[in-house]
Amino acid sequence: MTVEWDAEIINDLPNELIAWRSLAAAAVDHAGSVRFEPAPDGEGTIVHVSLQYDPPGGAAGHAVAALFGEDPGRQIEEDLLALGRAMEVSRRGASSAGEADARRVGLQPGGER
């Protein structure tokens, strides 16, 4: 199932932050932000993603979606890892896998994405 919505940007700081929220008629009420910060070692960028949403069907709808692999948190993690690999390939011509990718894109287990 595909869900689409219209959103408005509520904060935009170039190279630092972009934040949005869904418009009133959206099928899924949500808001989110992506924040970028330089990595401590000066190599790369840490990406923080925050997403809040009210899934269709409430908690039960979220549980059903998660059973079918449609959990937004997991999708964000997978997308950020793919982005990190693509950026690394672009920058160095090769990519390492696993935990190094997670650190490079700023994923923190059980924490902010």
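The values are calculated or read from the model by the stated rules, or taken from the named source; none is laboratory data. Here the structure is a predicted model, which is why all the values come from computation and not from measurement. Backbone-built Cβ (ideal geometry, glycine too); neighbour counts: all protein chains shown.
Quick check on my filter: what residues within the range 6-47 are acidic (Asp, Glu), touching a Lys or Arg at 6+ places or on another chain (Cβ under 9 Å) and at pLDDT below 90?
Looking only at the range 6-47, we keep the residues that are acidic (Asp, Glu), and these are 6, 8, 12, 16, 29, 37, 41, 43.
Right, trim to touching a Lys or Arg at 6+ places or on another chain (Cβ under 9 Å) and you get 8, 16, 29, 43.
Once the filter is applied, which keeps residues that are acidic (Asp, Glu), touching a Lys or Arg at 6+ places or on another chain (Cβ under 9 Å) and at pLDDT below 90, the range 6-47 yields Asp29, Glu43.
Quick one: how many residues across the range 29-53 are in a loop (DSSP other than H, G, I, E, B) and under 20 Å from Asp79 (Cα atoms)? Walk me through how you get there before you give the answer.
Let us first name the residues in the range 29-53 that are in a loop (DSSP other than H, G, I, E, B), namely 39-44.
Restricting the remaining residues to those that are under 20 Å from Asp79 (Cα atoms) gives 39, 44.
The total comes to 2.
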